[in-house]
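Below is the structure I would like to discuss, written out as structure tokens.
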């Protein structure tokens with residue numbers, strides 16, 4: 001037991017070391033925080049939503065925060081993940097553990113298609129192309145109503161119990177549901193962390209910092225953008241699958257551009273380019289929605305105003321700003 | 001100084017109706033330090049961008065070690081052994097000095113691996129440190145690149161270009177915006193670099209170019225005006241007229 005009372009420096013370096021250990025185990029630390037979430041928030045339903053959107057936004061953050069590509073069409077991957085999970089269960093009679101991987105693979109293929117077209121453009125054009133192609137997917141789902149349920153959304157499937165290696169879990173119980181879905185979140189967190197620590201993770205950050213220089217260094221920038229687009233879509237689709245299992249319906253809105261916009265807002269609130277920021281952003285947005293909509297139906301005005309304040313004064317979001325304030329955490333994220 | 005490392009034949013480049021370069025044929029021997037000079041708008045940057053793959057020529061062919069480079073995308077040039085720096089500092093501002101160079105070294109070996117830990121690629125990290133030592137920046141390795149002084153950022157720029165161990169190093173005005181002290185350090189660095197590899201330089205500062213280079217090319221209005229040893233260039237009446245005369249006392 002060492003108690004530091006002699007000056008700032010030793011205790012600072014000690015906290016720095018502790019912080020370094022914590023960020024080396026960021027997946028584990030994030031999971032502990034998420035495990036506590038249902039007991040910290042006013043309702044289990046809210047906690048499940050934070051978990052789901054946290055995963056979606058985390059996938060988005062790989063593209064936006066780490067690679068610097070502002071997509072306005074991520075609802076396409078969230079929605080496709082949800083729809084295909086539901087369709088595979090209800091129409092094709094697949095068990096959930098087959099439906100989820102299928103939905104993720106299909107969403108990744110969709111991301112490859114949208115990514116191939118959109119990564120040929122830059123800046124605002126990239127955003128507009130992703131928005132347009134995602135809306136195409138939305139209208140496709142609307143028109144193919146015999147398959148997707150059209151305007152009413154996809155209904156007619158429930159996952160009421162889940163078989164975990166012979167152990168039947170009652171999936172209708174909100175606490176069970178939360179912790180089963182947390183296994184998906186754990187998978188997403190682990191994959192995201194591996195990608196960020198990998199050589200490829202270094203390449204996408206270099207592309208964000210200076211695309212021209214990355215190209216001169218010898219990186220095929222266009223191909224790297226396509227790969228990260230697919231990875232990002234795949235992780236967001238995990239959130240989509242979780243949402244389908246949770247709600248037992250897939251609303252058509254999950255493909256709508258408003259959902260894409262919400263994903264962008266969440267990442268900016270929480271902090272782009274931070275590992276846990278997406279969950280903080282999702283929680284902030286959903287709590288605001290819950291609280292403000294109690295006293296006005298026009299809750300979006302209030303949330304929008306808060307969002308503007310964030311963009312203007314806290315560009316690093318809540319989590320990013322918090323980490324900057326901690327002297328021992330600076331320059332590490 | 002045996003065979004030509006890089007060979008340009010009849011290189012021309014048009015931008016719309018404007019001809020920036022016309023009929024440039026020149027070859028560069030291995031091991032030489034060559035400078036390209038010329039007044040503003042002479043086509044130096046265009047020529048330089050073509051040699052580094054940033055622009056493709058409208059006319060003519062480019063050969064490196066006998067292999068034709070036409071049509072090769074820019075990111076492949078460094079894999080052939082041609083690496084460049086930029087006139088306007090072009091680094092990764094929000095990455096550490098070490099990571100700036102490490103990620104450049106990584107490009108030669110691994111791009112798409114999403115599963116290994118980059119921290120395990122120890123050799124790349126060591127290579128980056130060696131390049132930082134070569135340009136005198138090893139003491140700053142942990143700092144964010146954006147916090148370096150201008151001259152240090154220029155040196156970092158060169159370390160990024162250097163770490164791929166190019167056979168041909170293309171440097172675009174490495175002393176741009178530098179004061180006399182920083183320029184002196186940079187010249188010393190360039191002399192050291194040129195001992196081991198072929199260097200091609202675009203530069204404005206006449207005295208420095210004439211003192212440093214083994215060969216000087218003068219461009220004027222998109223054409224090759226003169227090509228020779230520094231003392232020949234100094235004595236060339238036409239060069240004096242178009243270039244030296246107007247910038248006498250400069251640099």
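Can we say residue A:256 is at pLDDT 95 or above, on the phi < 0 side of the Ramachandran plot and more than 14 Å from chain B (Cβ to nearest Cβ)?
On the way: at pLDDT 95 or above: yes; on the phi < 0 side of the Ramachandran plot: yes; more than 14 Å from chain B (Cβ to nearest Cβ): yes.
The answer is yes for residue A:256.
How many residues does the stretch A:202-212 hold that are under 25 Å from residue A:276 (Cα atoms) and facing chain B (nearest Cβ under 7 Å)?
Pass one, the stretch A:202-212, residues under 25 Å from residue A:276 (Cα atoms): A:202-210.
Within this subset, residues satisfying the condition of being facing chain B (nearest Cβ under 7 Å) are A:202-203, A:205-206, A:209-210.
Number of matching residues: 6.
Please enumerate the residues belonging to the stretch B:70-90 that are within 30 Å of residue B:145 (Cβ to Cβ), more than 7 Å from every other protein chain (Cβ to nearest Cβ) and not in a helix (DSSP H, G or I). Break it down stepwise before answering.
First pass over the stretch B:70-90, keeping only residues within 30 Å of residue B:145 (Cβ to Cβ): B:72-90.
Next, only the ones that are more than 7 Å from every other protein chain (Cβ to nearest Cβ) stay: B:72-73, B:76-77, B:80-83, B:85-89.
Across the stretch B:70-90, the qualifying residues are B:72, B:73, B:81, B:82, B:83, B:85, B:86, B:87, B:88, B:89.
So residue A:236 fits all but one of (1) buried (at least 22 other Cβ atoms within 10 Å of the Cβ); (2) touching a residue at least 12 places away in the same chain (Cβ under 8 Å); (3) within 14 Å of chain B (Cβ to nearest Cβ); what number is the exception?
Result: residue A:236 passes all but (3).
To keep it simple, each residue is scored yes or no on (1) without any contact (Cβ under 8 Å) to a residue 60 or more places away in the chain; (2) outside the structural domain of residue B:226 (by TED's automatic domain parsing); (3) within 30 Å of residue A:316 (Cβ to Cβ).
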| residue | (1), (2), (3) |
| --- | --- |
| B:4 | yes, no, no |
| B:17 | yes, no, no |
| B:47 | no, no, no |
| B:97 | yes, yes, yes |
| B:111 | yes, yes, yes |
| B:118 | yes, yes, yes |
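Residue by residue through the stretch B:122-157, note down the ones that are over 13 Å from residue B:98 (Cα atoms) and touching a residue at least 60 places away in the same chain (Cβ under 8 Å).
Once the filter is applied, which keeps residues that are over 13 Å from residue B:98 (Cα atoms) and touching a residue at least 60 places away in the same chain (Cβ under 8 Å), the stretch B:122-157 yields B:150, B:154.
Restricted to the stretch B:91-104, and to residues that are more than 9 Å from chain A (Cβ to nearest Cβ) and surrounded by 24 or more Cβ atoms within 10 Å (Cβ to Cβ), which residue is nearest to residue A:220 (Cα to Cα)? Reasoning before the result, please.
We begin by selecting, within the stretch B:91-104, every residue more than 9 Å from chain A (Cβ to nearest Cβ); these are B:97-98, B:101.
Of the ones still in play, those that are also surrounded by 24 or more Cβ atoms within 10 Å (Cβ to Cβ) are B:97, B:101.
Details: B:97: 22, B:101: 17 Å.
Ranking the candidates gives B:101 first.
Let me ask something else about it. What is the one condition in (1) within 11 Å of another protein chain (Cβ to nearest Cβ); (2) touching a helix residue (DSSP H, G or I) at 6+ places or on another chain (Cβ under 8 Å) that residue A:222 does not satisfy?
Residue A:222 satisfies all of (1) within 11 Å of another protein chain (Cβ to nearest Cβ); (2) touching a helix residue (DSSP H, G or I) at 6+ places or on another chain (Cβ under 8 Å) except (2).
Here is a further query. Mind checking which residues of the stretch B:20-58 are surrounded by 16 or more Cβ atoms within 10 Å (Cβ to Cβ) and over 21 Å from residue B:216 (Cβ atoms)?
If the condition is that a residue be surrounded by 16 or more Cβ atoms within 10 Å (Cβ to Cβ) and over 21 Å from residue B:216 (Cβ atoms), then B:53, B:54, B:55, B:57 are the ones that fit.
Please go through the stretch A:87-139 and pick out each residue that is under 21 Å from residue A:259 (Cβ atoms) and in contact with a strand residue (DSSP E or B) (Cβ under 9 Å, 6 or more places away or on another chain).
Listed by number, the list holds a single entry, A:87.
Just checking, how many residues over the stretch B:105-124 are crowded, with 18+ Cβ neighbours inside 10 Å and part of a helix (DSSP H, G or I)?
Residues that pass the stated criteria total 4.
Within the bounds of the stretch B:111-131, is there any residue that is closer than 12 Å to residue A:218 by Cβ and within 12 Å of chain A (Cβ to nearest Cβ)?
Keep residues of the stretch B:111-131 that are closer than 12 Å to residue A:218 by Cβ, which gives B:111.
Filter again for within 12 Å of chain A (Cβ to nearest Cβ), leaving B:111.
Scanning the stretch B:111-131, I find at least one residue that is closer than 12 Å to residue A:218 by Cβ and within 12 Å of chain A (Cβ to nearest Cβ), so the answer is yes.
Here is a follow-up. Kindly indicate which of A:51, A:36, A:31 is part of a helix (DSSP H, G or I), over 16 Å from the mean Cα position of the chain (by Cα) and at pLDDT 95 or above.
Values: A:51 fails: over 16 Å from the mean Cα position of the chain (by Cα); A:31 fails: over 16 Å from the mean Cα position of the chain (by Cα).
The conditions single out A:36.
Could you grab me the full set of residues in the stretch B:15-61 that are under 26 Å from residue B:229 (Cβ atoms), touching a helix residue (DSSP H, G or I) at 6+ places or on another chain (Cβ under 7 Å) and either within 14 Å of chain A (Cβ to nearest Cβ) or outside any loop (DSSP other than H, G, I, E, B) (or both)?
Matches in the stretch B:15-61: B:21, B:24, B:33, B:35, B:36, B:37, B:52.
Right, something else. Of all the residues that make up the stretch A:146-190, how many are in a helix (DSSP H, G or I) and either free of Cβ contacts under 8 Å to residues at least 12 places away in the same chain or in contact with a strand residue (DSSP E or B) (Cβ under 7 Å, 6 or more places away or on another chain) (or both)? Before the answer, list the steps.
Of all residues in the stretch A:146-190, those in a helix (DSSP H, G or I) come to A:146-148, A:150-152, A:174-190.
Filter once more, so that each one left must be either free of Cβ contacts under 8 Å to residues at least 12 places away in the same chain or in contact with a strand residue (DSSP E or B) (Cβ under 7 Å, 6 or more places away or on another chain) (or both): A:146, A:148, A:176, A:180, A:183.
So the answer is 5.
Follow-up. Among the listed residues A:215, A:194, which satisfies the condition of being buried (at least 21 other Cβ atoms within 10 Å of the Cβ), within 29 Å of residue A:133 (Cβ to Cβ) and within 7 Å of another protein chain (Cβ to nearest Cβ)? Let's see the steps before the verdict.
Numbers: A:194 fails: buried (at least 21 other Cβ atoms within 10 Å of the Cβ).
The match here is A:215.
The values are calculated or read from the model by the stated rules, or taken from the named source; none is laboratory data. Model, not experiment: these values are computed from the prediction. Cβ: placed from backbone, ideal geometry, glycine included. Neighbour counts: every protein chain shown.
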